[in-house]
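Participant: After the structure tokens below, expect a handful of questions from me.
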Amino acid sequence: MLDDRRDSPRVLIPAALRPLPEAGAPEQVRGDLSLGGFAWEGTPRAPGVRMELQLALPEGTEALVFTGEVMDALPREQGRALMRLRFFEASVDRELQLARYLQAAGPARA
């Protein structure tokens with residue numbers, strides 16, 4: 001399980017998100033990635049909803065897939081919301097791969 005590590009680097013990155021257990025095309029978003037989770041603006045999801053996050057890292061490695069839970073949804077304009085996803089059920093190898101990527105990519109840019 002990945003812990004919330006507020007001192008970890010954050011990186012803006014495109015990602016694909018879909019609620020579980022739904023099948024079908026995921027929503028394409030751009031958000032703030034950290035070791036503990038992902039924050040993005042998009043279609044509102046209720047806190048507690050399980051989501052699958054797919055990341056295609058730039059170095060051409062296999063996409064990373066994480067499962068997480070929506071922590072909160074702050075309303076935004078035009079029916080959108082700012083949401084935070086907390087990761088869980090991640091292997092040590094996947095967490096290390098994500099940590100290496102975040103370290104190499106540097107801080108998030110607005």
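The values are calculated or read from the model by the stated rules, or taken from the named source; none is laboratory data. Bear in mind the structure is a predicted one, so any value in this text is a computation, not a measurement. With ideal geometry, Cβ positions are generated from the backbone for all residues, glycine too; neighbour counts draw on all protein chains shown.
Residues are listed down the side, and each one gets a yes or a no for (1) touching a Phe, Trp or Tyr at 6+ places or on another chain (Cβ under 7 Å); (2) without any contact (Cβ under 8 Å) to a residue 60 or more places away in the chain; (3) loosely packed, with under 14 Cβ neighbours inside 10 Å:
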residue: Gly42; (1), (2), (3): no, yes, no
residue: Arg45; (1), (2), (3): no, yes, no
residue: Val49; (1), (2), (3): no, yes, no
residue: Leu57; (1), (2), (3): yes, yes, no
residue: Leu64; (1), (2), (3): no, yes, no
residue: Met71; (1), (2), (3): no, yes, no
residue: Gln78; (1), (2), (3): no, yes, yes
residue: Ala81; (1), (2), (3): no, yes, no
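Participant: I need a count of the residues in the range 83-97 that are in contact (Cβ under 8 Å) with a residue 12 or more places away in the chain and farther than 17 Å from Arg30 by Cβ. Full working, then the answer.
Facilitator: Taking the range 83-97 and keeping what is in contact (Cβ under 8 Å) with a residue 12 or more places away in the chain, we get 83-90, 94-95, 97.
Narrowing further to those that are farther than 17 Å from Arg30 by Cβ: 86-90, 94-95, 97.
Number of matching residues: 8.
Participant: Within the range 73-95, identify whether any single residue is touching a Gly at 6+ places or on another chain (Cβ under 9 Å), under 17 Å from Glu22 (Cα atoms) and of a type in the set (Asp, Glu), and answer yes or no.
Facilitator: no
Participant: Out of everything in the range 5-35 that is small (Gly, Ala, Ser) and crowded, with 19+ Cβ neighbours inside 10 Å, what residue ends up being modelled with the lowest pLDDT?
Facilitator: Across the range 5-35, the extreme among qualifying residues is Ser34.
Participant: Count, please, the residues in the range 73-110 that happen to be modelled with pLDDT under 85, among the small types (Gly, Ala, Ser) and under 11 Å from Leu35 (Cα atoms).
Facilitator: So the answer is 1.
Participant: Sort out which residues of the range 89-101 are surrounded by 15 or more Cβ atoms within 10 Å (Cβ to Cβ) and under 13 Å from Val65 (Cα atoms), and write them in order of number. Spell out the reasoning first.
Facilitator: Residues of the range 89-101 surrounded by 15 or more Cβ atoms within 10 Å (Cβ to Cβ): 90, 94-95, 97-99, 101.
The answer is Ala90, Arg94, Glu95, Gln97, Leu98.
Participant: Taking Gly31, is it free of Cβ contacts under 8 Å to residues at least 24 places away in the same chain and in a strand (DSSP E or B)? Give the steps one after another, and end with the answer.
Facilitator: Working: free of Cβ contacts under 8 Å to residues at least 24 places away in the same chain: yes; in a strand (DSSP E or B): yes.
Yes; evaluated as a whole, the condition is true for this residue.
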